[in-house]
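Report on one structure; see the data block that follows.
The values are calculated or read from the model by the stated rules, or taken from the named source; none is laboratory data. Since the model is a prediction, treat every value here as computed from it, not as a measurement. Every residue, glycine among them, receives a Cβ derived from its backbone with ideal geometry; neighbour counts consider all protein chains shown. All accessible areas refer to the heavy atoms of the entire protein, side chains included, with ligands and DNA or RNA removed. Shrake-Rupley method; radii C 1.70, N 1.55, O 1.52, S 1.80 Å.
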Amino acid sequence: MTNAIDRRQFLKLAGLGGVVFASGLPGVTLAAGQDDFYFVQLSDTHWGFEGPPNPDAKLTLKKAVAAVNGLDRQPDFIVFTGDLTHTTDNPVERRKRLSEFKQIVSELKVKTVRFMPGEHDASLDNGKAFQEFFGATRYTFDHKGVHFIVLDNVSDPRASIGDDQLAWLASDLKQQKTDAPIVVFTHRPLFDLYPQWDWATRDGAKAVELLMPYPNVTVFYGHIHQEHHHMTGHIAHHAAKGLMFPLPEAGKAPTRAPLPWNPAEPYKGLGFRGVDTDARTAECKLIEFPVVKA
Amino acid sequence: MTSNRKAFATVMMSAVLALSGFAVYVAAQSAEPKEKVIRISAKKFNYTPGEVQLKKGVPVILEFKTMDVVMGFNLPDFNVRADMVPGKTTRLRLVPDKTGTFVFLCDVFCGTGHEEMNGKLVVSD
């Protein structure tokens, strides 16, 4: 392993016990161990957005696809954690954007790609258009012994998971062993990160409560267009950077308006994430990648 | 309060209110409120008025109407929220227990301008 950082060092860096993460570690490459696998998380691509916060809006997603294709180690799978497209009130335009997005990401070398909606994709039509292109908005899958759960907290415009989906989640979890490694993908934070900017899920605490009996759970989400790490008990929640425009830190600006584009540092604040996962424990090592190498 | 009015109040509370804490009290309002009524209307994608001035400890009734689509009113710092449904009037009774400037926002995704749909509550002594 090049520039290897062992598990103890990660734990020391993170200070979070069972879940580890490291950011901004250029040159770190991950070696595949017997129990490890690797996936990539992309989020908040907002295809269709136009405006000063990203003068390169029509090319950023394509550059991100090229960056993923250029990784030394190709992931087992890729996940997009919502807001694939920028919202529009026009249902025809919404489908056009979803179609264009789908065509662009079809250029990814890795063909196992998981999708979920964000509120920009799904909240104005309860996920109807999204489902036409990408299928179910909630589902599970298993990979090398890790159980993955995709939760939909955006098709309801009230940012609610809903009792029906919570019952579905409870039923699915009952089928898992208590020590099962579990990874949850969702768009909005399941905890109240900053409700003043709508950075929350109305009934997210109910999902966390259902997950709490399982000691090996990690949550990956998007929505806030920046890297963020938070613990609810033993459960780690990791937010990903976006791929169209970064947003301010919670409460550190008068509004949640996008941060301005800096011509001196184009794409600053944008990026995607590699996740090296221990298949026995779902312990995750995170590596943050820029859209374009500096 | 008649039994009908009690029932109405109970339903309203369970339907539209979320509250916690000790100093803030929010309750459904009877048909003839005694407190000052602050009327707030919503339409894509703003509230009118966009800024509400209140006095700490002085109870008010916030009365909401939406002019077009379903909206939300969320005042996280006081842990209160309400759904705003076209054709219906929603009321909250609020006793501000702290001073400052607080954001209220629409928490029901309502369209392209949803993320800019917010206002300010200013509470003074």
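In region B:53-68, the residues that are touching a residue at least 60 places away in the same chain (Cβ under 8 Å) reach residues that are open to solvent by 40 Å² or more (accessible area, probe 1.4 Å) with C-beta atoms within less than 6 angstrom, at least six apart or across chains, in these pairs: B:56/B:99; B:56/B:125.
Among the criteria (1) closer than 21 Å to residue A:193 by Cα; (2) free of Cβ contacts under 8 Å to residues at least 40 places away in the same chain; (3) among the hydrophobic types (A, V, I, L, M, F, W, C), the one residue A:239 does not fulfil is (2). Condition test on residue B:102, is it in contact with a helix residue (DSSP H, G or I) (Cβ under 6 Å, 6 or more places away or on another chain), modelled with pLDDT of 95 or more and within 30 Å of residue A:127 (Cβ to Cβ)? Answer is no for this residue.
Can you tell me which residues in region A:101-132 are among the polar types (S, T, N, Q) and open to solvent by 10 Å² or more (accessible area, probe 1.4 Å)? A:103, A:106, A:112, A:126, A:131, listed by residue number. Screening A:150, A:110, A:154, A:105 for residues that are within 14 Å of chain B (Cβ to nearest Cβ), within 18 Å of residue A:43 (Cβ to Cβ) and modelled with pLDDT of 95 or more leaves exactly one candidate, A:154. Considering region B:97-125, and only residues there that are at the interface with another protein chain (Cβ under 7 Å from one of its Cβ atoms) and open to solvent by 20 Å² or more (accessible area, probe 1.4 Å), the residue that is farthest from residue B:81 (Cα to Cα) turns out to be B:112.
Residue A:225 falls short on exactly one of the conditions (1) open to solvent by 20 Å² or more (accessible area, probe 1.4 Å); (2) of a type outside the set (Ser, Thr, Tyr); (3) in a loop (DSSP other than H, G, I, E, B), and that condition is (1). When region A:196-207 is limited to residues that are facing another protein chain (nearest Cβ under 8 Å) and more than 14 Å from residue A:152 (Cα to Cα), the one that is surrounded by the most Cβ atoms within 10 Å (Cβ to Cβ) turns out to be A:198.
For (1) among the hydrophobic types (A, V, I, L, M, F, W, C); (2) more than 27 Å from residue A:85 (Cα to Cα); (3) open to solvent by less than 10 Å² (accessible area, probe 1.4 Å), each residue gets a yes or a no:
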{"residue": "A:134", "(1), (2), (3)": "yes, no, no"}
{"residue": "A:151", "(1), (2), (3)": "yes, no, yes"}
{"residue": "A:179", "(1), (2), (3)": "no, yes, no"}
{"residue": "A:187", "(1), (2), (3)": "no, no, yes"}
{"residue": "A:194", "(1), (2), (3)": "no, no, no"}
{"residue": "A:209", "(1), (2), (3)": "no, yes, no"}
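Reported count of residues in region A:245-258, each being open to solvent by 60 Å² or more (accessible area, probe 1.4 Å) and within 14 Å of chain B (Cβ to nearest Cβ), is 3.
Might you check whether a residue that is within 14 Å of chain B (Cβ to nearest Cβ), part of a loop (DSSP other than H, G, I, E, B) and open to solvent by 10 Å² or more (accessible area, probe 1.4 Å) occurs anywhere in region A:53-67? Looking through region A:53-67, at least one residue is within 14 Å of chain B (Cβ to nearest Cβ), part of a loop (DSSP other than H, G, I, E, B) and open to solvent by 10 Å² or more (accessible area, probe 1.4 Å). Here A:41, A:74 are screened, and the one residue that is at pLDDT 95 or above, surrounded by fewer than 17 Cβ atoms within 10 Å (Cβ to Cβ) and at negative phi is A:74. For region B:39-84, a residue qualifies if it is β-branched (Val, Ile, Thr) and either open to solvent by less than 10 Å² (accessible area, probe 1.4 Å) or assigned to a strand (DSSP E or B) (or both), and the qualifying residues are B:40, B:48, B:52, B:60, B:61, B:66, B:80.
You will find that of B:15, B:7, B:27, the residue that is open to solvent by 40 Å² or more (accessible area, probe 1.4 Å), away from every other protein chain (no Cβ under 14 Å) and at pLDDT below 95 is B:7 and no other.
Selection over region A:32-68 of residues that are in contact with a helix residue (DSSP H, G or I) (Cβ under 7 Å, 6 or more places away or on another chain) and among the small types (Gly, Ala, Ser) gives a count of 1. When A:179, A:172, A:276 are checked against the criterion of being away from chain B (no Cβ under 14 Å), acidic (Asp, Glu) and under 15 Å from the mean Cα position of the chain (by Cα), a single residue qualifies: A:276.
Is it true that residue A:174 is buried (at least 20 other Cβ atoms within 10 Å of the Cβ) and among the charged types (D, E, K, R)?
no
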